[in-house]
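What follows is one structure encoded as structure tokens, with my remarks underneath.
The values are calculated or read from the model by the stated rules, or taken from the named source; none is laboratory data. Being a predicted model, the structure only gives us computed values, none of them experimental. FYI the Cβ positions are ideal-geometry reconstructions off the backbone, even for glycines, and counts take in every protein chain you see. SASA here: full protein model, heavy atoms, side chains in, ligands and nucleic acids out. Shrake-Rupley method; radii C 1.70, N 1.55, O 1.52, S 1.80 Å.
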Amino acid sequence: MSIESIDVVLYTCTFLLPGFIIKSVMDTLIPPVKFNETKYFLSCLFYSIINCAICSWIYILLLNIFEMQSVWFWILLVVITIIAAIVVALCISVIKQKNIVGCIFSKFNINSINSVPTAWDFYFSKQNESWVIVTLKSGKTIYGKYSVNSFASSDSEERDLYIEQTYKYIEEQPWGVDNTSNGILISKDEIETIEFLK
């Protein structure tokens with residue numbers, strides 16, 4: 001492989017890889033919207049362009065300090081690009097999580113659509129600890145505690161729910177811990193409603 005072709009590979013990675021890093025980090029922090037492959041690639045390309053625009057002054061600085069064929073130039077270029085992509089992803093995620101754009105729009109009486117795709121994602125992405133009452137389609141009611149060791153699927157095709165601790169309900173008495181239970185997994189097809197209590 002020639003020097004020129006190595007340069008092309010490294011430049012391609014430097015200018016395309018950040019978008020995929022940003023999208024991957026964001027998808028772990030914000031419930032992802034399902035895209036087809038074309039839209040997914042275009043969103044990654046868009047994030048790569050943003051990252052490149054933000055880092056452009058650093059790239060120019062590197063070119064002024066090091067020669068392009070220098071190993072240090074490429075090492076620093078890749079490291080800076082990856083770190084910048086992670087920082088950009090965290091910033092975008094915080095802006096989306098806190099709905100900062102929506103808050104700005106509301107101050108000007110402009111209605112905006114929430115970027116979170118479903119109510120399920122909206123609630124469970126907050127990871128709030130709460131008591132839950134799950135009513136099943138069979139009519140059975142499950143009382144439990146949704147906390148740090150519980151899990152709600154973020155896959156729109158699999159809305160299953162794991163509750164780490166279940167309780168016995170006796171009318172007009174505090175919930176009693178079910179010591180025989182090690183949690184319960186509830187299939188999406190079984191859930192009728194979920195009530196959250198403080």
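None of ILE60, ILE113, ILE75 is within 30 Å of ASP189 (Cβ to Cβ) and either assigned to a strand (DSSP E or B) or without any contact (Cβ under 8 Å) to a residue 40 or more places away in the chain (or both) except ILE113.
Listed by first and then second residue, the pairs linking a residue in region 32-43 that is closer than 10 Å to GLY19 by Cβ and among the polar types (S, T, N, Q) to a residue that is in a helix (DSSP H, G or I) and at pLDDT 85 or above, with Cβ atoms under 8 Å apart and 6 or more places separating them unless they lie on different chains, are SER43/GLY19; SER43/LYS23. The residue pairs whose first member lies in region 130-148 and is within 11 Å of TYR169 (Cβ to Cβ), whose second member is open to solvent by 90 Å² or more (accessible area, probe 1.4 Å), and whose beta carbons are closer than 7 Å, counting only pairs six or more residues apart or on different chains, are ILE133/GLU195; TYR143/TYR169. Take the conditions (1) under 23 Å from LEU29 (Cα atoms); (2) part of a loop (DSSP other than H, G, I, E, B); (3) open to solvent by less than 90 Å² (accessible area, probe 1.4 Å); (4) in contact with a helix residue (DSSP H, G or I) (Cβ under 9 Å, 6 or more places away or on another chain); ILE92 misses just one of them, which is (2). Within region 86-105, residues that are modelled with pLDDT under 85 reach partners that are among the basic types (Lys, Arg) with beta carbons closer than 9 Å, at six or more positions or on different chains, in the pairs GLN97/LYS126. Taken over region 148-190, the residue count meeting the criterion of being of a type in the set (A, V, I, L, M, F, W, C), under 12 Å from ILE133 (Cα atoms) and open to solvent by 90 Å² or more (accessible area, probe 1.4 Å) is 0.
Listed conditions (1) within 20 Å of TYR47 (Cβ to Cβ); (2) among the polar types (S, T, N, Q); (3) loosely packed, with under 11 Cβ neighbours inside 10 Å are all met by THR193, apart from (1). Every condition in (1) under 19 Å from ILE30 (Cβ atoms); (2) open to solvent by 70 Å² or more (accessible area, probe 1.4 Å) is met by TYR123 except one, and the failing one is (2).
When the residues of region 52-77 are filtered to those that are among the aromatic types (Phe, Trp, Tyr) and either touching a Pro at 6+ places or on another chain (Cβ under 9 Å) or open to solvent by 100 Å² or more (accessible area, probe 1.4 Å) (or both), the one that is farthest from CYS13 (Cα to Cα) is TRP57. Would you check if there is a residue in region 159-169 being closer than 21 Å to LEU29 by Cα and in a loop (DSSP other than H, G, I, E, B)? Yes, that holds for at least one residue.
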